Amino acid sequence: MKNIRFAICALIAALALGLVSPAAMAIDDPGIDTTYAAVLLAEDGDQETVLYTKNADERLYPASLTKVMTVLLAVEDIESGKISLSDPVTAQPGFDFDMIVGGSSVYIMQQETMTLESLLYCAMVASANDASNVIAQYVGGSISDFVARMNARAAELGCTGTNFTNTHGLPDANHYTTAWDFSRIVREAAKHELFMTIASAVNYTVPDTNVSSERKLESTNSLVNPTNPLYPGDWGYEYAKGIKTGHTNDAGYCLASSAEKDGVKLLSVVLKSQAYQQDDGSWYYGNFADTRTLFEWGFNNFSYQDVLKSTEIVTEVPVAMGADAETVTARPSTTIRAFLPNDADLAAVERTITLSPDVAENGLTAPVGAGQVVGEISVIRDGVVLGSSPLVTTTSVDLSRMEYMKDQLRETLRTPGVILVFWALVLLFAAYILVVVRYRSKRRAYRKRLELARTVRLDMEDDEEELRQERRVRATTGAAPRRRRKDVMLTPDSAVDEPTRVTGERPAVAPDGEPTRPVPDAKEAKDAPGRDATRDYFEEFFGKK
């Protein structure tokens, strides 16, 4: 009590000096007395928000909180159809294994038969150790096999610092858990409506059995049962919904509880709290006091807030072949809500957009429908993912027929067959160019040879004309012939393709009796096959007709 008063005085002094703001102090620390282990989290379906932890990974005895796992396994088997609430269950020999005199019990006798439903209420409401063992025998076949299932289920739920050696929680050096691990178990148990119905019960009456009259049970959880004689005092909390108390000298005072207010559901685990008598003679129970403090702190300082609305445009995605748009906007398909401090700066929340692999690489291709999923957006605060939502398009984009045809043409041109034909045509055109170049080169050489032959022929004709003239003069005057230049004899090399001798006509005879070679006129030379050096076969073949 003195410690509490000192803490309050210190807080008032700090506020008076302006060193600490009320909001910051309220959110930073709820000010609970428990020094060993505590967890507070907000539960919303598959999403949870951790609001507070204190020594949450320290291994401690869970005491009768163990029965939460015992009843959870039975509830899961009931929901799966393996067993039923109405099944009659008989206490078999050995059901009192690992129990102590004076432990919490409903005094079940060997061979006593009651329904499984009654046994579950005995375990959770009255915290009966004997009922827990009878449940284990019926559900697991034997207590040892059932305990093995308890450990396996804890591992499935992510518990790394938990080990069970019994079904009820009596002290054992190897029977331990952590506040964080047990919050995993409580969170799973709270998802089952049957479990919460049993765990929230304040009273329950066990009908007559074959060896006993009816038993009236009363909850040991003072948050839901303030008149509980086991833990007297005004510890009731109107928003509390169960779940389980626990106490041994070694474990201290433990409580796993849930509360719901204005649609907000909180779960709390407190281990090894202390209890003591106060100055006024009343008793202080730290497990109830701290749990109630945690709940009030959570409800007063946190609330669900919209960190990202479904109407908000968050990105644009390129669209290929769109008729009226090259991009389309995207928004979250659902609003992302998170349980945050009331004064949280939502502008500082980080957003991470992850487009689908195909969309990230190639964008979208029209037509695009409104509401089409293109990726996912996540909202992160201080490294914690507050929530995620699929990204969907806000509008539709119709397909452009022209762009579609262009795209199909491009795709067609990329096919191996078309590429092969294209390169075949390229090679044919290259061969054609090579042939044309070679033809023109040969044609130029041929014309040069014809020109040379024509020049030689003209020289010979000049010589023959000169000779005829000389003979005519000599015949008239009787003068002796003058020396003439040596006649040029044409060889095949000098004319090449143009023969110098004309066949098919008898040579003419000059006045002096020497034959002369007729000279074809231009028309004859033009009409003679294989003789026309001026005819352009290239132009006739390749030119315009």
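The values are calculated or read from the model by the stated rules, or taken from the named source; none is laboratory data. Computed from a prediction, not measured in an experiment: that's the story for all the values here. For neighbour counting, all protein chains shown are included, and Cβ atoms are generated from backbone atoms with ideal geometry for every residue, glycine included. The protein model used for the area step is the full one, side chains on, heavy atoms only, and it has no ligands, DNA or RNA in it. Shrake-Rupley method; radii C 1.70, N 1.55, O 1.52, S 1.80 Å.
Annotation: residue 456 fulfils all but one of (1) out of contact with any Ser or Thr (no Cβ under 7 Å at 6 or more places or on another chain); (2) at pLDDT 85 or above; the unmet one is (1). The residues in region 379-396 that are assigned to a strand (DSSP E or B) and either closer than 21 Å to residue 49 by Cα or open to solvent by 50 Å² or more (accessible area, probe 1.4 Å) (or both) can be counted, and the count is 10. Residue under question is residue 234, and the condition is that it be outside any strand (DSSP E or B) and under 22 Å from residue 58 (Cα atoms); does it hold? Answer is no for this residue. The residues on offer are 350, 361, 326, and the sole one that is farther than 24 Å from residue 308 by Cα, open to solvent by 90 Å² or more (accessible area, probe 1.4 Å) and in contact with a strand residue (DSSP E or B) (Cβ under 7 Å, 6 or more places away or on another chain) is 326. Six or more apart or on different chains, Cβ under 6 Å: which pairs go from a residue in region 107-128 that's closer than 14 Å to residue 83 by Cβ and without any contact (Cβ under 8 Å) to a residue 60 or more places away in the chain to one that's of a type in the set (D, E, K, R) and open to solvent by 20 Å² or more (accessible area, probe 1.4 Å)? Could you list them? Once the first residue is closer than 14 Å to residue 83 by Cβ and without any contact (Cβ under 8 Å) to a residue 60 or more places away in the chain and sits in region 107-128, its partners that are of a type in the set (D, E, K, R) and open to solvent by 20 Å² or more (accessible area, probe 1.4 Å) give 116/87. Residue count for region 155-175 under the criterion of being in contact with a strand residue (DSSP E or B) (Cβ under 9 Å, 6 or more places away or on another chain), closer than 16 Å to residue 269 by Cβ and surrounded by fewer than 23 Cβ atoms within 10 Å (Cβ to Cβ): the result is 2.
Would you pick out the residues in region 239-263 that are in a strand (DSSP E or B), open to solvent by 20 Å² or more (accessible area, probe 1.4 Å) and touching a residue at least 40 places away in the same chain (Cβ under 8 Å)?
Step one: of region 239-263, the residues in a strand (DSSP E or B) are 240-248, 252-261.
Now restrict to residues that are open to solvent by 20 Å² or more (accessible area, probe 1.4 Å): 241, 247-248, 253, 260-261.
Within region 239-263, 241, 247, 248 meet the criteria.
Quick grid of which residues meet (1) modelled with pLDDT under 95; (2) surrounded by 13 or more Cβ atoms within 10 Å (Cβ to Cβ):
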position	(1), (2)
29	yes, no
37	yes, yes
56	no, yes
101	yes, no
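Within region 323-378, the set of residues being under 20 Å from residue 48 (Cβ atoms), in a strand (DSSP E or B), without any contact (Cβ under 8 Å) to a residue 40 or more places away in the chain and more than 14 Å from the chain's Cα centre (by Cα) comprises just one member, 350. Within region 312-343, the residues that satisfy the criterion of being touching a helix residue (DSSP H, G or I) at 6+ places or on another chain (Cβ under 9 Å), farther than 15 Å from residue 365 by Cβ and at pLDDT 90 or above are 340, 341, 342, 343.
I'd like to check something: does region 397-409 contain any residue that is assigned to a loop (DSSP other than H, G, I, E, B), modelled with pLDDT under 95, within 20 Å of residue 321 (Cβ to Cβ) and out of contact with any Asp or Glu (no Cβ under 7 Å at 6 or more places or on another chain)? Among the residues of region 397-409, at least one is assigned to a loop (DSSP other than H, G, I, E, B), modelled with pLDDT under 95, within 20 Å of residue 321 (Cβ to Cβ) and out of contact with any Asp or Glu (no Cβ under 7 Å at 6 or more places or on another chain), which makes the answer yes. Residue count for region 188-231 satisfying the condition of being open to solvent by 30 Å² or more (accessible area, probe 1.4 Å), assigned to a loop (DSSP other than H, G, I, E, B), touching a strand residue (DSSP E or B) at 6+ places or on another chain (Cβ under 6 Å) and touching a residue at least 40 places away in the same chain (Cβ under 8 Å): 2. Against the definition (surrounded by 18 or more Cβ atoms within 10 Å (Cβ to Cβ), touching an Asp or Glu at 6+ places or on another chain (Cβ under 6 Å) and of a type in the set (Val, Ile, Thr)), how does residue 178 come out, yes or no? Judged against the criteria, residue 178 is a match.
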